[in-house]
Amino acid sequence: MLELRDLRKHYRVGGGEPIRAVDGVSLTLAAGEFLALYGPSGSGKTTLLELIAGLRTPNAGAVLLDGRDIAALSRRERDECRLRELGIIGQPHNLIPGARAIQNASLKLLLANARTANSRIEPLLERLGLGERMRHRTEQLSMGERQRVLIAMALALEPKLVLADEPTGNLDTQRTREVLALLRELCAERGSAVVLATHDPQAAGFADQAYELRDGRLREYRPEHLLIPVGSLREDVSGEAGG
């Protein structure tokens with residue numbers, strides 16, 4: 001579904017050496033798979049997500065979504081792809097101040113000229129535990145609730161691929177587990193693949209596979225200090241829910 005082929009993005013600041021934010025990244029991701037991209041701030045995670053989303057143009061290589069090279073699309077085609085085929089989960093400050101939760105969550109439906117946008121988004125908000133909060137304004141929501149609104153917005157049009165850039169950076173451990181478990185469950189039901197960029201080792205535990213981005217290159221992420229194997233946190237949360 002998603003394939004990155006020797007993807008490269010370099011920057012030059014002044015007359016110094018080029019910054020190799022992404023330097024020969026290749027990977028494949030199938031529908032429904034959950035991939036964690038781990039690295040500290042400034043490691044190139046956001047640049048890689050922006051290349052996948054078509055917000056930046058690579059110096060070399062290709063981003064293929066269902067076989068289509070994103071960089072080869074026109075600007076209008078990339079915009080349409082981001083609207084209908086990608087779900088991008090940003091930060092809580094991206095929500096519209098003063099707007100109600102349901103208004104924020106249904107934004108993509110409105111942009112796609114979907115009829116009855118509110119009635120289509122309400123079941124998803126209910127599923128995310130916001131049934132009694134959907135009429136509340138942004139400022140009246142907790143950080144965890146705002147993050148769930150962003151998930152609803154990203155999943156509103158059932159995208160093929162979800163890109164999540166530090167979606168739990170402002171949450172405590174318990175809220176992080178809850179939000180990632182919900183994200184994984186909802187995307188699995190819809191067959192949506194997920195690329196999660198995070199600096200949190202625990203968040204990587206929800207992924208089917210995890211990579212670390214260092215010096216612009218990927219390597220399999222197996223931190224010695226993370227005693228819980230990759231993938232086991234999601235199984236643990238699933239087991240708790242089932243009990």
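Can you give the longest run of the chain that contains no trypsin sites (Lys or Arg not before Pro) sitting in a DSSP loop with at most 10 other Cβ atoms inside 10 Å?
Working: sites that count: 12, 115.
Here the longest run is 116-243.
Straightening the chain between residue 112 and residue 84 buys 9.3 nm, computed as 0.36 nm per residue apart minus the Cα-Cα spacing. Placing a label point 7 Å from the Cα of residue 60 along the Cα-to-Cβ direction, the residues of segment 14-49 whose backbone N falls under 17 Å from that point are 18-27.
Only helical DSSP H runs with n ≥ 4 go in: add -39500 (n - 2.57) per run for the chain, normalise by residue count and round the 222 nm mean residue ellipticity to 500 deg cm²/dmol. Display every interim value, and only then the final one.
On the way: 8 runs with 81 residues, N = 243.
After summing the helix terms and dividing by residue count, I get -10000 deg cm²/dmol.
The GluC sites (Glu not before Pro) of segment 118-196 meeting both criteria, a DSSP state outside H, G, I, E and B (loop) and at most 15 other C-beta atoms within 10 angstrom of the site's C-beta, are 132. Taking all C-alpha pairs of the chain, those more than 27 Å from each other amount to 35 percent.
Explain nothing, just the number: relative contact order of segment 25-171, from Cα pairs under 8 Å at least 6 residues apart, as a whole percent. Don't skip to the answer; put the middle values down first.
Numbers: 170 pairs, mean separation 42.4, N = 147.
Reported relative contact order: 29 percent.
Quick one: compute the contact order of segment 95-158, relative version, from alpha carbon pairs under 8 angstrom and 6+ residues apart, as a percent. Result for segment 95-158 is 51 percent. Of the Cα atoms belonging to segment 27-163, the radius of gyration and Dmax stand at 16.0, 48 Å.
Extent of segment 95-158 along its three principal axes (Cα atoms, max minus min coordinate, largest first): 29, 23, 16 Å. With the gyration tensor restricted to C-alpha atoms of segment 132-180, the semi-axes of the equivalent ellipsoid amount to 18, 16, 8 Å, longest first. Calculated over segment 1-80, the projected area of the Cα convex hull averaged across directions stands at 6.0 nm². Distance from the alpha carbon centroid of segment 91-156 to that of segment 17-45 works out to 28 angstrom.
Values quoted throughout were computed directly from the atomic coordinates according to the rules given, and no laboratory measurement underlies them. On a predicted model such as this, the values are computed, not experimentally measured, just so you know. Cβ: placed from backbone, ideal geometry, glycine included. Neighbour counts: every protein chain shown.
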